[in-house]
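I have placed the structure first, in the form of structure tokens, so that the comments after it can refer back to it.
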Amino acid sequence: MEDENPAESIARVRRVLQRCPEAGLHDDGPAVARWVEGLRVLTRQPDGTELATDMPRAWGGGGARITPGWYLRAGLASCTATSLLLAATEEAVELTRLEVRATSRSDACGLLGLPGRDGRPVSAAPLEMRLEVALSAQGVPAERLQALADLARRRSPVAAALSDAITLIWDVRIEPAAAAG
């Protein structure tokens, strides 16, 4: 199936949301993660697409799968790139290059619940995340490209979730263990 023209699609969605802003509010499809074995987890989206994660061998995992933390960085990079592409399409800017690199720095003590040298708990969250964006467009001034990048950062749902400290509702259901057969 051929992709629809992005500019036409974006314009159509914009018109609908301008007439009826409440149409923009929706529940996102859930990601459902299930333990497979060892430290391997399989996560599925509603259409059946799956991705597997695992921890490195040094952590007791199989080391053959990507870690969940890498998927966080991948989501940040790809969402930011997509937001930039949407903004460029709306502004009729034809990009000739776009690359977004997401990196982070973490303290493994947090994942294990270990205290830092000062005796205080170490956060499991990355200490910082960095986005490096490289883009170009023939005949477009650097200031305009910078403005597009700034707009994309504000519009990226993943970047906004990470920087705006959204509410995380934690709902745990304890189920009886299945009898051994």
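The values are calculated or read from the model by the stated rules, or taken from the named source; none is laboratory data. Since the structure is predicted, the reported quantities are computational estimates derived from the model, not experimental observations. Here the Cβ is made from the backbone with ideal geometry for all residues, glycine too, and neighbour counts use every protein chain on show. What goes into the accessible areas is simple: the full protein's heavy atoms, side chains included, and nothing from ligands, DNA or RNA. Shrake-Rupley method; radii C 1.70, N 1.55, O 1.52, S 1.80 Å.
Structure notes:
Yes/no matrix, rows are residues, columns are (1) touching a strand residue (DSSP E or B) at 6+ places or on another chain (Cβ under 7 Å); (2) of a type in the set (A, V, I, L, M); (3) surrounded by 14 or more Cβ atoms within 10 Å (Cβ to Cβ):
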residue: Ala88; (1), (2), (3): no, yes, yes
residue: Ala92; (1), (2), (3): no, yes, no
residue: Leu98; (1), (2), (3): yes, yes, yes
residue: Ser104; (1), (2), (3): yes, no, yes
residue: Gly116; (1), (2), (3): no, no, no
residue: Asp150; (1), (2), (3): no, no, no
residue: Asp164; (1), (2), (3): no, no, no
residue: Leu168; (1), (2), (3): no, yes, no
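- The residue pairs whose first member lies in region 46-66 and is in a loop (DSSP other than H, G, I, E, B), whose second member is acidic (Asp, Glu), and whose beta carbons are closer than 9 Å, counting only pairs six or more residues apart or on different chains, are Gly61/Asp54; Gly62/Glu37; Gly62/Asp54; Gly63/Asp54; Ala64/Asp54; Arg65/Asp54.
- Residues satisfying the stated conditions in region 1-50, i.e. farther than 24 Å from Glu91 by Cβ and in contact with a Ser or Thr (Cβ under 9 Å, 6 or more places away or on another chain): Ala31, Val32, Ala33, Arg34, Leu39, Arg40, Val41, Leu42, Thr43, Glu50
- Complete set of residues in region 87-134 that are of a type in the set (Val, Ile, Thr) and not in a helix (DSSP H, G or I): Val93, Thr96, Val100, Thr103, Val122, Val133
- Number of the condition not met by Glu175 [criteria: (1) out of contact with any Phe, Trp or Tyr (no Cβ under 9 Å at 6 or more places or on another chain); (2) open to solvent by less than 60 Å² (accessible area, probe 1.4 Å)]: (2)
- Matching residues, region 137-167, being under 17 Å from Leu76 (Cβ atoms), touching a residue at least 60 places away in the same chain (Cβ under 8 Å) and aliphatic (A, V, I, L, M): Ala149, Leu151, Ala152, Val158, Ala159, Leu162
- Residue, farthest from Arg105 (Cα to Cα), within region 152-162, restricted to residues that are open to solvent by less than 100 Å² (accessible area, probe 1.4 Å) and out of contact with any Lys or Arg (no Cβ under 8 Å at 6 or more places or on another chain): Ala152
- Lone qualifier among Leu76, Leu72, Leu84 - being open to solvent by 40 Å² or more (accessible area, probe 1.4 Å), under 18 Å from Val158 (Cα atoms) and in a helix (DSSP H, G or I): Leu72
- Condition met for Leu98 (closer than 23 Å to Leu162 by Cβ and either touching a residue at least 40 places away in the same chain (Cβ under 8 Å) or of a type in the set (S, T, N, Q) (or both)): no
- Selected residue (criterion: nearest to Ala149 (Cα to Cα)) from residues of region 52-65 that are surrounded by fewer than 16 Cβ atoms within 10 Å (Cβ to Cβ) and in contact with a Leu (Cβ under 8 Å, 6 or more places away or on another chain): Ala52
- The selection criterion, being loosely packed, with under 13 Cβ neighbours inside 10 Å, under 22 Å from Val158 (Cβ atoms), in contact with a Gly (Cβ under 8 Å, 6 or more places away or on another chain) and not charged (D, E, K, R), holds for Pro46.
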